[in-house]
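Have a look at the structure below before the remarks.
The values are calculated or read from the model by the stated rules, or taken from the named source; none is laboratory data. For clarity, every value in this text was computed on a predicted model and none was experimentally measured. Virtual Cβ from ideal backbone geometry, glycine too; neighbours counted across all protein chains shown.
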Amino acid sequence: MIALATPYLWYTTRATGIVALILFTLVVSLGTLVANRIGGTIVGRFEINELHRSLSIVAMIFLVLHILTTVLDNYVSTGLISAFIPMTSAYKRVAITFGAVAFDLIVAVWISSLLKLRVANSTWRFIHWFSWIGFATALVHAYMSGTDARSGVGLLLVGACGGVVVLAALWRFIGRPTRAAGRTALSPLARVKAPTNKRPVSRPFASSARPTNKRGR
Ligand code: HEM
């Protein structure tokens, strides 16, 4: 395996780790908005869902960079295997194990979403629950293994990410509305009005100015 000894790899590992954590916080929070059927007339559920999906791709890119720079850096003895398989890293074994479990769970969620049309909805939903555990283990990993994440601004950031997701989880499980409050996830194409052969129904009292009787009621 190629290994390099430059401090820039180490800086990149730390920076990409923090960025990945912030992005996963946004992804999980946006997912909660979609699940709780939040969406207005300006930003609908479809758009929030699209943002959720696009950000998950960007988060995944940062996570892969985070892992690659760790593996390539010969300052730490963490091989590619340690990114997937728990307890295989010689460097910070337990802390990296939390990262590996987070990565495995996130990959499972990702693959199930790529295959969404081929798997049963209940299976997809079940696997999607893993994202909560994935996020929690990533947070523990960040705190345990981070150089920056254990003090100052880094600690504040990790704490804020955890706080946002705890609030999102509380809202998801306690405050979930029973009925859809916003517009459902429609494709933009579905919003184009389809031509119809039906004749318009005549509704004489459809306007807001309702006819009143002589007493004005
Ligand atoms: C969802 C998965 C993961 C997330 C969100 C994540 C995020 C983070 C964060 C925020 C830090 C703290 C950076 C700092 O304070 O400097 C960190 C540190 C670290 N991560 Fe990850 N990580 C994940 C998975 C992994 C995996 C699978 C590996 C193993 C290849 C790994 C290797 C490392 C290493 C070696 C450090 C220590 C950096 C240092 O000592 O400053 N991470 N990670």
Can you confirm whether the range 48-59 contains a residue that is in contact with a helix residue (DSSP H, G or I) (Cβ under 8 Å, 6 or more places away or on another chain), touching a residue at least 40 places away in the same chain (Cβ under 8 Å), within 17 Å of ALA142 (Cβ to Cβ) and within 12 Å of the ligand (Cβ to nearest atom)? no
Out of the range 125-157, which residues are among the hydroxyl-bearing types (Ser, Thr, Tyr) and at pLDDT below 95? SER145, THR147, SER151
Only one of ILE42, ILE38 is exposed (fewer than 14 other Cβ atoms within 10 Å of the Cβ), part of a loop (DSSP other than H, G, I, E, B), at pLDDT below 90 and aliphatic (A, V, I, L, M). Can you tell me which? ILE42
List, please: which pairs have Cβ atoms under 8 Å, are six or more places apart or on different chains, and start with a residue in the range 9-26 that is at pLDDT below 95 and end with one that is of a type in the set (Phe, Trp, Tyr)? LEU9/TYR75; TRP10/TYR75
Would you please name the residue that is nearest to TRP10 (Cα to Cα), looking only at residues in the range 76-114 that are of a type in the set (Ser, Thr, Tyr), outside any helix (DSSP H, G or I) and touching a helix residue (DSSP H, G or I) at 6+ places or on another chain (Cβ under 6 Å)? THR78
If you go through the range 76-85 one residue at a time, do you hit one that is surrounded by 15 or more Cβ atoms within 10 Å (Cβ to Cβ) and at pLDDT 95 or above? yes
Here the residues within the range 60-75 that are within 10 Å of the ligand (Cβ to nearest atom) and not in a helix (DSSP H, G or I) are ASP73, TYR75
